[in-house]
Amino acid sequence: MANDTSSPPTPQSSMPTEDQWRFEVITSPCEWAEAYCPGGYHPVHLGDTFKNDRYRVIRKLGDGSFSTVWLARDTQNGTYVALKILVADQSEAGTELQILRHITTVAPAQAGQYITQLLDEFEHKGPNGTHKCLIFEPMGPSVNSMVEELPQFNPRRRDMIVRYPPNMARAILKQSIQALELIHANGIAHGDFQPGNMLFCLSDIHKQPEDSLRQENDAQGMSTSPLQRLDGKTDKWAPRYLCISQPLTDFTPYADGLKIKLSDMGGAYFFGNPPEKFVTPVGLRAPELILTGDVNEKLDIWSFGCILFELITGRPLFCIPGLDGRDDNHLLALTAAIGPLPDELFKLWTTSSLYFTPKRELFNCQIGGIGTDGKPLMLKQFTMEELFDQAAPDIDEEEAVEIKQLIRRILTYDPVNRPTATEILSDPWFQKIDV
């Protein structure tokens, strides 16, 4: 069991829920405190131990909507591991485990090369329920966050373009599509294929002394943030403080020989058993997912096409703000960058008449329809190729043409006509990349 040195909780009249505000606002980048409730996160303090004191928490690596991830010392063999603690009501844990076991069984060597390795699993009971705990090999920052840590971007200047150098982008893209090829070949779709789920491998982390890795509970709030109840009472369901994530950036090789692996199979599924809910980030969602809700492995391919654009240019192809009119915003961006939707998809766009005439001519770009002044809003439209050129990536014109042609080939409206991961790897541009 985890060590608990907190004072006895004050009796409560009822158990909290996520929509019941209990805590003072925290401005530090941490998980949502109110999600520490029955069915939610498990409260963790630095130094807590799990599985009969085998795994001792020494650092927080990250958090998501359904889990927190910690660096722990395996006291049985002296190595470091990543401890992923799922929320108590996370029903997808069984599917994630099934998929991880399947891929390790059918392709053990390739799985070890391209997928973060599951080392152990167990259940842990806490005040918010029973949590599935997964032990993985420790990994470095995600592709989404590592670019911010590159030395050439620190200190930051206002006019600085933050994007991966071309050689890094090429290596990341090739390894990520190779990982996708592996899971697709074995009947598995990732479902949440994005830079945040591509992790850098570490270098000799097990040789590091624990003092160099341990996160401290500091009074200055640089590493942790105390949790204060609005009513001043001690809380039974939450930790005394929240830890600020500290990825293992300093121990991550990012130049020569960089290596990434695909992580987080929480949204993954077998081809024949797609989920009812999808977790793909909004800007990476394919048009059929927006309009029909169809879920299949070709959604991963669409996401990869968007990621290819983003890693080379340093800009997202589709940046979809807010929740109000989000789908309309996305579909307008699609028609501008990729071209008109096919008839079978366009007829499913129920609000298309707010933006297009009966002849499908664009007359308004104001989300929700023409404004109160009665004048339509018209914005200049740019194709994917024009957006790519405007970003002025650090490559020559010949390579730029090859990449734009590949993106255009991937971002095909009909998923049947989208290339497979294997076909993408056979593209002349990828054939030139030696990882």
May I ask you to list the residues in the range 277-297 that are under 19 Å from the mean Cα position of the chain (by Cα) and either part of a loop (DSSP other than H, G, I, E, B) or crowded, with 23+ Cβ neighbours inside 10 Å (or both)? Lys277, Phe278, Val279, Thr280, Pro281, Leu284, Arg285, Ala286, Val295, Asn296, Glu297
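I need a count of the residues in the range 417-435 that are in contact (Cβ under 8 Å) with a residue 40 or more places away in the chain and open to solvent by 60 Å² or more (accessible area, probe 1.4 Å).
Kept after step one, since they are in contact (Cβ under 8 Å) with a residue 40 or more places away in the chain, are these residues of the range 417-435: 418-422, 424-425, 430, 433, 435.
With the extra rule that they be open to solvent by 60 Å² or more (accessible area, probe 1.4 Å), the set shrinks to 422, 435.
Number of matching residues: 2.
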On the given criteria, is Gly266 modelled with pLDDT under 90 and either surrounded by 23 or more Cβ atoms within 10 Å (Cβ to Cβ) or in contact with a helix residue (DSSP H, G or I) (Cβ under 9 Å, 6 or more places away or on another chain) (or both)? yes
Of all the helices (runs of 4 or more DSSP H) wholly in the range 332-435, which have at least 1 residues that are more than 26 Å from the chain's Cα centre (by Cα) and over 30 Å from Ala171 (Cβ atoms)? 343-346
Given the structure, is Ile183 buried (at least 18 other Cβ atoms within 10 Å of the Cβ) and more than 16 Å from the chain's Cα centre (by Cα)? yes
Evaluate the following for Ser67: is it of a type in the set (Ser, Thr, Tyr), open to solvent by less than 80 Å² (accessible area, probe 1.4 Å) and touching a Leu at 6+ places or on another chain (Cβ under 6 Å)? yes
Kindly list, by first and then second residue, each pair from a residue in the range 296-317 that is over 18 Å from Val147 (Cβ atoms) and in contact (Cβ under 8 Å) with a residue 40 or more places away in the chain to a residue that is charged (D, E, K, R) and open to solvent by less than 10 Å² (accessible area, probe 1.4 Å), limited to pairs with Cβ atoms under 6 Å and residues at least 6 apart or on different chains. Lys298/Arg418; Ile301/Arg418
Scan the range 49-60 and tell me whether some residue there is under 13 Å from Lys236 (Cβ atoms), surrounded by 15 or more Cβ atoms within 10 Å (Cβ to Cβ), modelled with pLDDT of 95 or more and touching a strand residue (DSSP E or B) at 6+ places or on another chain (Cβ under 9 Å). no
Selection from the range 244-268 of residues within 22 Å of Gln90 (Cα to Cα) and in contact with a strand residue (DSSP E or B) (Cβ under 7 Å, 6 or more places away or on another chain) yields Ser245, Leu262, Ser263, Ala268
With respect to Gly232, is the statement that it is over 23 Å from Glu385 (Cβ atoms), open to solvent by 10 Å² or more (accessible area, probe 1.4 Å) and without any contact (Cβ under 8 Å) to a residue 12 or more places away in the chain true? yes
Matching option when the condition is open to solvent by 40 Å² or more (accessible area, probe 1.4 Å) and over 30 Å from Glu402 (Cβ atoms), among Pro358, Pro316, Pro340: Pro358
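Go through the range 406-415 and count every residue that is surrounded by fewer than 17 Cβ atoms within 10 Å (Cβ to Cβ) and either without any contact (Cβ under 8 Å) to a residue 40 or more places away in the chain or under 17 Å from Ile312 (Cα atoms) (or both).
Total meeting the criteria: 2.
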In the range 19-48, which residue that is of a type in the set (Asp, Glu) and exposed (fewer than 14 other Cβ atoms within 10 Å of the Cβ) is modelled with the highest pLDDT? Glu24
Scan the range 215-239 for residues that are closer than 16 Å to Arg59 by Cα and touching a Pro at 6+ places or on another chain (Cβ under 7 Å) and jot them down. Pro239
If you go through the range 364-389, how many residues are open to solvent by 60 Å² or more (accessible area, probe 1.4 Å) and among the hydrophobic types (A, V, I, L, M, F, W, C)? 5
Candidate set from the range 212-239 (those that are modelled with pLDDT under 95 and among the charged types (D, E, K, R)); member that is nearest to Gly140 (Cα to Cα): Glu216
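On the given criteria, is Asp300 open to solvent by less than 10 Å² (accessible area, probe 1.4 Å) and of a type in the set (Asp, Glu)?
yes
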Inter-residue pairs, beta-carbon under 6 Å, first closer than 17 Å to Ile395 by Cβ and in the range 161-189, second at pLDDT below 95 and not in a helix (DSSP H, G or I), 6+ apart: Arg170/Ile433; Ala171/Leu258; Ala171/Val435; Lys174/Ile433; Lys174/Val435
Taking the criterion of being in contact with a Pro (Cβ under 7 Å, 6 or more places away or on another chain), open to solvent by less than 40 Å² (accessible area, probe 1.4 Å) and closer than 19 Å to Ile410 by Cβ, would at least one residue in the range 243-255 satisfy it? no
Within the range 201-210, can one find any residue that is over 30 Å from Ile103 (Cα atoms), open to solvent by less than 70 Å² (accessible area, probe 1.4 Å) and in contact (Cβ under 8 Å) with a residue 24 or more places away in the chain? yes
Unmet criterion (only one of (1) modelled with pLDDT of 90 or more; (2) open to solvent by 30 Å² or more (accessible area, probe 1.4 Å); (3) outside any strand (DSSP E or B); (4) not hydroxyl-bearing (Ser, Thr, Tyr)) for Arg73: (3)
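Restricting attention to the range 288-313, report how many residues are aromatic (Phe, Trp, Tyr) and more than 25 Å from Glu402 (Cα to Cα). So that I can check it myself, show each step before the final result.
At the first step, the residues of the range 288-313 found to be aromatic (Phe, Trp, Tyr) are 302, 304, 309.
Pick out the ones that are also more than 25 Å from Glu402 (Cα to Cα) and you get none.
Summing the residues that are aromatic (Phe, Trp, Tyr) and more than 25 Å from Glu402 (Cα to Cα) in the range 288-313 gives 0.
The values are calculated or read from the model by the stated rules, or taken from the named source; none is laboratory data. Just so you know, these numbers come straight off a predicted model, no measurement behind them. Note: ideal-geometry Cβ built from the backbone for every residue, glycine included; neighbour counts use all protein chains shown. Accessible surface is based on the protein model in full, side chains and every heavy atom, while ligands, DNA and RNA are left aside. Shrake-Rupley method; radii C 1.70, N 1.55, O 1.52, S 1.80 Å.
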